[in-house]
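The values are calculated or read from the model by the stated rules, or taken from the named source; none is laboratory data. Computed from a predicted model, the values in this text were never measured in an experiment. A quick note on method: Cβ atoms are made from the backbone with ideal geometry, for glycine too, and the neighbour counts reach across all protein chains shown. Note: areas computed on protein heavy atoms with side chains; ligands, DNA, RNA excluded. Shrake-Rupley method; radii C 1.70, N 1.55, O 1.52, S 1.80 Å.
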Amino acid sequence: MAGELIDQIISYTSGISNFSDARFMSVGSKGIAYRNGEFEGMESSDTSGYAIRLVNDSMAFVYTDSEDWTEVRSKIDLLLPKTRRHGKNKISEIKPVKASWKVDQKKKIEDMSIEERIEIARGHDKLLDDLGATVRMNFIGDKKISQHYRDSDGTAIDAEISRVSYYYVFGVFENGQFEQSTGQFGSSSGYEYLDSLGLDERLRSEVRALRENLSAPALKPGKYDLIVGPEISGIVAHESCGHPTEYDRIIGREGALAGESFLTGKEFPYRIGSDAVSVIDDPTMKMSYGFYEYDDEGIRARKRYLYRKGYTDEFILNRESAAILGKEPNGGGRSSSWNMEPLARMSTTYIEPGEHEIDELFEGVKNGVYMKSFTEWNIDDIRFNEKYVGKESYLVENGKVKGRIRRPTLETNTIKFYSSIDAVARDLEFTAGSCGKGEPMQGVDVWMGGPHARLRDIYLK
Amino acid sequence: METVDRIYEKLSRMGMDEIVINEVSSDIEQLRFSLNSRDLLNQWYENEYSVFTSRGRRMAEVTLKSESEIDTKLNELKNMIDRVPENPSFFGINPAKQYYGNVGSPSIADIDLQDLCESAINGAVEAGAERSAGLAYLVKFKHVLKTSYNEAEYSGGGAELVIRSFSGTSTGQESLHFGPAFKAGSIDAESIGRSAGEMAVSGKDISQGEEGRFKVLMSPYLIGNIISSSSEFLSYYAVDSGMSCFAGKLGYRVSSDVFTLVDDPLDMTGVGYRPFDDEGTPTRSNVLIENGILKKYMQSYSTGKKSGYETTGNAGIIAPAAWQMRIESGKESFRDMIAGMKDGLFINNAWYTRYQDYKNGIFSTVPRDGVFRIHNGEITGSVSGIRISDSVTGILKNISGVSNETKNTKWWEEIQPSIMPYVMVDSVNISRSF
């Protein structure tokens, strides 16, 4: 049976290393695509294997998909001398824990027929077509993950995880003008999540917004009060709080690729914005796309304040970065598959809701912009200089939402964004994403979200 | 009987019309470093089978890892084929009998990655860099393909070295790949590290960049990033989907006449080397844009049938893709291009390229790892906080010069294996943060 070598592996590696851990992971995923009214194909992928880490004078992983003990042992033996060469070798060790956890499903992935999956994709493609979307792609996906983690100190964690996702991209093209939209939703659950989303209404609203954008005027550049919707507060929380507080980035571990952090070299706590701003990363949020009870290094997950009332608070730590910081790991070690090292990663990252009603945010605005959702976005590698282009956006005059505007652009920096926030509403919504980091690139499942928030006197173009 | 043959036989007995099996077995070593010392060594041993099959226009795909999964996964595949709708855009796989000749590389040279990385770090330190981060790869793999019409295999791989050096907050980077033909001892890691270090040191006095239209000398990494992110627009799949800025432009001018873009998977100096595509069509050098004129889209057999063109050997059966893009080199040297610049920017690298409009190719990307102001042929300062906010077609049409030097560029997910020169682009829209 796949995975049954896990205890034999850790028994062997415990005798040849200062610390070792082993993780078996199997991932079975299915996906269906519909494009412009045509069924495009169905894919079913199964992958599994062992990630075995040895720590001696330096650290090394061997990843093997073999289930033959003699072969696995020979791969470990080949790795061993490479851990005798010099390099970094700090890693946090914890009091042993034994536990198992799983994701609950109501409408189980394994019970979903091919026809039911196809109908979801086909139905949304048809709806978009009927609404006037000229180009369309719809993807439905699910995966079942089985994981067994062991370390040389005696920790043993077993997990069964189910995740469901839906992704679309579509565009409207009229009178030579084009507007496009993408959306991603996901959950650690069964297919009941898609039923709960109200996708039809979301898509109707999205197409309506794009069609109205086609003839909307551009924004006159200048300073405005800005109200951002949950989709934007979510991406900002992810990009300019979650990423820069990954401690492996702060200490340079990801410097060649994903980059360092604007927090590198700073003294903490460091002021990042107004006291209206707190940002949380919480892997324990059930049904979230990034939900887990134990991380991929056997560490109990817990909620973390990354920014609290305008200052940095905790960092996201995996075992390696926690050892360098000299603190306990806090459950941030995640890996996208069996053949990837665990890095310090986000789960569900969101701006903490405040006390205001949404209407109250608008009431205080004389000349402003309401940017409800975004299209293009990016941020520099220290997570400071960022850009968000509005998708569904409106002018706000004397507290009232007025006409649409087309693709207003907020191009600012992290400190200015968070320092400009003077009010945060009490609502909270999430979207899903695949967060990229590492080499090879690892996309891990996350939620990002937040409430409506108001920024004062910020430059838009 | 080999596993591939067993999969094939079983699918044939199940009554499938067409079958494509790709088996890739790999042995990959990677070493990562930061703060001038080793972080981690990763060693992968993997084997995977991708199995595509069709009956009429019904098609499905599974991947599996081992012999023991064959019965389960192929029964699942048959169940999928029995129940999925037809794909009206699927016209089969390439049925022509192919002759591949001697392809691939008999062996990949062995190198000590730790020594390689330490040499690169030393080069950067000698150049004055405070710290460097990076990684190196040694890749060896065997690719076996069996289709309803053809069988082929080759061994491939190569090496990669990435180093990013820091001087304060200033950075410089080199990120090169070496195809299966590379020789042991031929990688001058110290020189590569020195180059990254020198760039980091020369950019250490940084000021906020300005908005406006600028002449920009793009390094192989920057233009490699833009070409990599936009290469899918040259796939017929994107054109057919209605999401390509090159749709409807076949035979028309899409760039200035100094620009010629080739997909060249047979160049063994690069790790993008690949002798056949996912359905067994031999790959070849394809001129996609020639002196500014769009000559062809990348095609599989199926997309070619749909669009009335021949396959270009770029399958992905459903979505053709580039293997190893190359911009044909020009006549000027990099030094002469800098020297001839009156007022502009030299940008070494960029990341986070994102599109707000696929149909018009409108995007922005964030410069990094060396962003310099140039006045009268001299570097006069280093800038940050800017963004290229433009369109693919706008940039291609404004290319006014191409260097005679090229680099084998590959970097993370941002730059696919490619062979790129320095490119001068007039009137690039630069935006900045406020």
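Results, tabulated for the structure shown:
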| read-out | value |
| --- | --- |
| Count - residues of region B:174-197 that are modelled with pLDDT under 95 and open to solvent by 40 Å² or more (accessible area, probe 1.4 Å) | 5 |
| From the options A:9, A:16, A:32, A:52, residue that is in a loop (DSSP other than H, G, I, E, B) and either touching a residue at least 24 places away in the same chain (Cβ under 8 Å) or closer than 30 Å to residue B:61 by Cβ (or both) | A:16 |
| Every residue from region B:198-228 that is surrounded by fewer than 22 Cβ atoms within 10 Å (Cβ to Cβ) and part of a helix (DSSP H, G or I) | B:198, B:201, B:202 |
| Test result for residue B:110, more than 9 Å from chain A (Cβ to nearest Cβ), within 22 Å of residue B:154 (Cβ to Cβ), within 27 Å of the chain's Cα centre (by Cα) and of a type outside the set (S, T, N, Q) | yes |
| Members of region A:302-318 that are under 26 Å from residue A:101 (Cβ atoms), open to solvent by less than 10 Å² (accessible area, probe 1.4 Å) and not in a strand (DSSP E or B) | A:317, A:318 |
| Subset of region A:420-458 [under 16 Å from residue A:277 (Cβ atoms), among the hydrophobic types (A, V, I, L, M, F, W, C) and away from chain B (no Cβ under 14 Å)] | A:421, A:423, A:424, A:425, A:428, A:448, A:453 |
| Filtered residues of region B:121-150 (kept if away from chain A (no Cβ under 14 Å) and either touching a helix residue (DSSP H, G or I) at 6+ places or on another chain (Cβ under 8 Å) or without any contact (Cβ under 8 Å) to a residue 24 or more places away in the chain (or both)) | B:122, B:123, B:125, B:126, B:127, B:128, B:144, B:146 |
| Subset of region B:131-165 that is open to solvent by 10 Å² or more (accessible area, probe 1.4 Å) and of a type in the set (Val, Ile, Thr) - its residue that is nearest to residue B:204 (Cα to Cα) | B:139 |
| Pair list, Cβ < 7 Å and 6+ apart or interchain, from region A:61-73 residues that are more than 9 Å from every other protein chain (Cβ to nearest Cβ) to residues that are assigned to a strand (DSSP E or B) | A:72/A:50; A:72/A:64 |
| Enumeration of residues in region B:51-74 that are touching a residue at least 40 places away in the same chain (Cβ under 8 Å), among the β-branched types (Val, Ile, Thr) and touching an Asp or Glu at 6+ places or on another chain (Cβ under 9 Å) | B:51, B:53 |
| Members of region B:306-339 that are of a type in the set (S, T, N, Q), more than 20 Å from residue B:227 (Cβ to Cβ) and part of a loop (DSSP other than H, G, I, E, B) | B:311, B:333 |
| Unique residue being open to solvent by 20 Å² or more (accessible area, probe 1.4 Å), of a type in the set (Val, Ile, Thr) and under 14 Å from residue B:7 (Cα atoms) when the list is B:72, B:63, B:53 | B:72 |
| All strands (runs of 3 or more DSSP E) inside region B:340-396 with 1 or more residues being out of contact with any helix residue (DSSP H, G or I) (no Cβ under 6 Å at 6 or more places or on another chain) and among the basic types (Lys, Arg) | B:343-357, B:362-375, B:386-391 |
| Within region B:1-90, strands (runs of 3 or more DSSP E) holding 3 or more residues that are more than 7 Å from chain A (Cβ to nearest Cβ) | B:18-34, B:37-55 |
| Check on residue A:26, within 29 Å of the chain's Cα centre (by Cα) and in a strand (DSSP E or B) | yes |
| Residue match in region B:404-412 (condition: over 23 Å from residue B:271 (Cα atoms) and open to solvent by less than 10 Å² (accessible area, probe 1.4 Å)) | no |
| Neighbours by Cβ (under 6 Å, 6+ apart or cross-chain): first from region B:153-166, more than 11 Å from chain A (Cβ to nearest Cβ); second basic (Lys, Arg) | B:155/B:142; B:157/B:140 |
| Residue within region A:114-136 that is more than 13 Å from every other protein chain (Cβ to nearest Cβ), open to solvent by 10 Å² or more (accessible area, probe 1.4 Å), not in a helix (DSSP H, G or I) and not acidic (Asp, Glu) present | yes |
| Filter pass, residue A:185 being assigned to a strand (DSSP E or B), within 18 Å of residue A:431 (Cβ to Cβ) and out of contact with any Phe, Trp or Tyr (no Cβ under 8 Å at 6 or more places or on another chain) | no |
